[in-house]
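Please read the structure below before turning to the comments.
The values are calculated or read from the model by the stated rules, or taken from the named source; none is laboratory data. Here the structure is a predicted model, which is why all the values come from computation and not from measurement. Using ideal geometry, Cβ is built from the backbone for each residue, glycine included, and neighbour counts are taken over all protein chains shown. Calculation scope for accessible area: heavy atoms of the full protein, side chains included, ligands and nucleic acids excluded. Shrake-Rupley method; radii C 1.70, N 1.55, O 1.52, S 1.80 Å.
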Amino acid sequence: MSFVDIGEVAYVPGSARVFEHGWQSWSPTGAYRLDETPPRPANGTIQILCYRPGTPVPERTFQGEGLLAVETGDGSVELWSAAGPHEVPSIRAREEGGRLVISADAPARHHRVEGDLGTALRRWAETMAAAASAPRTFPALPPMWCTWYGYWDKVVEADVLENLELATRHGLPADMFLIDDGYEAGIGDWLDPRPGFGSLARAVDAVTGTGRRAGIWTAPFLVGHDSRLYREHPEWLVGGAYAGRMWNQDLAVLDVTHPDAAEHLTQVFRTFAGMGITHFKLDYLYAGALAGRRHEDLDPIAAYRRGLELIRRGAGEEATLHGCGAPMLPSIGLVDVMRVSPDIALTLRPRSGDISQPSQLGARLTGAAREFLHARWWVNDPDCIVVRPEMEAREEWAAHVAATGGLRGSSDPIAALDEWGMETTRRLLVPTATDPS
Ligand code: 9PG
């Protein structure tokens, strides 16, 4: 891929800022002064997992995926973006002779907006939503409870039952229970139970039996090298595509353009829907848009969109599709809910210093920078409410969640909440805002 200069901007030194839009849910997004260095991946694996694969950024260069905006400092914003959501140019800005030179690796359109960055981003989001036929209105989604940030991959059926009981006893209005990563036998083997989890069907029945909706996590485009799917169907993998390493194994990619793999994918979601599951957290979705050799010669973004359509076919029109780790622009119109930030964690700062990694700081910075997408492209998911006593700076996290209109989900073991945690959780568990801010 080669970059071609497409424009330049004059700016006011000291007050100008460049807004970089990250590729997927976990990719850092924000506005930076020209003397700041934006977040960059700590290593090659994180580049694949959390940034745009294959697009390392040169030194002293800003880069947005599908969107780069310059708040010039004189009251206007100059913005470059894809013509539509199905092509996502990488767009760069570098300082040269007192101006910013803009370059891109695919066609990008220029817009100039009088006003501040927030105004320009809101207007841009509306233009893109219309071009992508995103829904015009967004439902008030009820709050939820999620297993991940309390039980991690050790979750068992009994944890779900215990928290159902406690939610009822404490009057927590969590109307959907999401069983996150940990119930499955392998990455790709979604219908096989992890030995020791218990029964997924029983857990789902317990949830729906209380009148709540049941949700489940999958990473539908990933195939872990340790999985049964990987052993049994090497012909279903995208040739040469490497989705990184997680769960102590290398990750391959399901080729949704292979008819049998496509049928399998739809069937997995049809099976879950048949159990009564209506909310689907679809994680590590970036994998579906990786380049590689596919059965059918589709470009990666078209293949990604095809994959989501196959999932929708199995999950049903009424189901809620919840993207995570997902390429942002390519998902418009296909998901109902979208994670807009890296993971929350019990610690304020990320271990590696890279804010694409789980941490409160990363989740707050990128989540706040993407609040303008809420109720314009989808329902934002700022990640879960975690407010038990061991959570570092829990007041700050609660304040961040309170300021977003997006999905409210609690993910503490309810028994671990002290009085402040319980009150805060109850206060924050409200339906999503139907209007954008
Ligand atoms: C389940 C989790 C949860 C969580 C998702 C995703 O790059 N990383 O280090 C990285 C860490 C965690 C992570 C994604 C990326 O979490 O966002 O809500 O569902 O998977 O395994």
For the range 156-228, state which chymotrypsin sites (Phe, Trp or Tyr not before Pro) are in a DSSP loop and have at most 14 other beta carbons lying within 10 Å of their beta carbon.
none
FRET efficiency, 1/(1 + (r/R0)^6) with R0 22 Å, evaluated for Glu309 and Glu87 via beta carbons
0.75
Could you work out Rg/(2.2 N^0.38 Å) for the range 263-325, with Rg from alpha carbons only?
1.14
Quick one: accessible surface of Asp299, probe radius 1.4 Å, all protein chains present, in square angstrom to the nearest 10.
90
Can you say what percent of the DSSP beta bridges in the range 260-397, counting only those with both residues inside, are antiparallel? Round to 5.
0
Name all residues of the range 364-380 having a backbone nitrogen under 19 Å from the label point set 7 Å from the Cα of Glu395 along its Cα→Cβ direction, giving them as ranges.
364
Need the full-extension length gain, Leu161 to Thr45, defined as separation in residues times 0.36 nm minus the C-alpha distance. One decimal, nm.
38.1 nm
If R0 is 45 Å, what FRET efficiency do you get for Thr168 and Arg60 from their C-beta distance, rounded to 0.05?
0.20
Under the definition of Cα pairs under 8 Å and six or more residues apart, what whole-number percent is the relative contact order of the range 74-171?
25
Structure-based [θ]222 nm, the chain - -39500 (n - 2.57) summed over DSSP H runs of at least 4, per residue, nearest 500
-8000 deg cm²/dmol
Given 12 as the ceiling on other Cβ atoms within 10 Å, longest exposed-site-free region of the chain for GluC sites (Glu not before Pro) in DSSP loops
60-316
Between the range 346-416 and the range 64-128, what is the C-alpha centre distance in whole Å?
27
Net length gained if the chain between Arg349 and Asp105 were fully extended (0.36 nm per residue, minus Cα distance)
84.5 nm
Considering only DSSP beta bridges with both partners in the chain, what is the antiparallel share in %, to the nearest 5?
65
Taking one equal scatterer on every alpha-carbon of the range 145-235, how large is log10 of I(q)/I(0) by Debye at q = 0.17, 0.18, 0.25 1/Å?
-0.70, -0.77, -1.25
Hull surface divided by four, with the convex hull built on the Cα atoms of the range 32-137: how many nm²?
7.8
Hydrodynamic radius of the range 218-325 per Kirkwood, over alpha carbon pairs, in Å:
13.8
Pulled fully out, how much extra length does the chain show between Glu126 and Asn248, if you take 0.36 nm times their separation in residues and subtract their Cα-Cα distance?
39.8 nm
If you project the alpha carbons of the chain onto their three principal axes, what span does each projection cover, largest first, in Å?
65, 53, 40
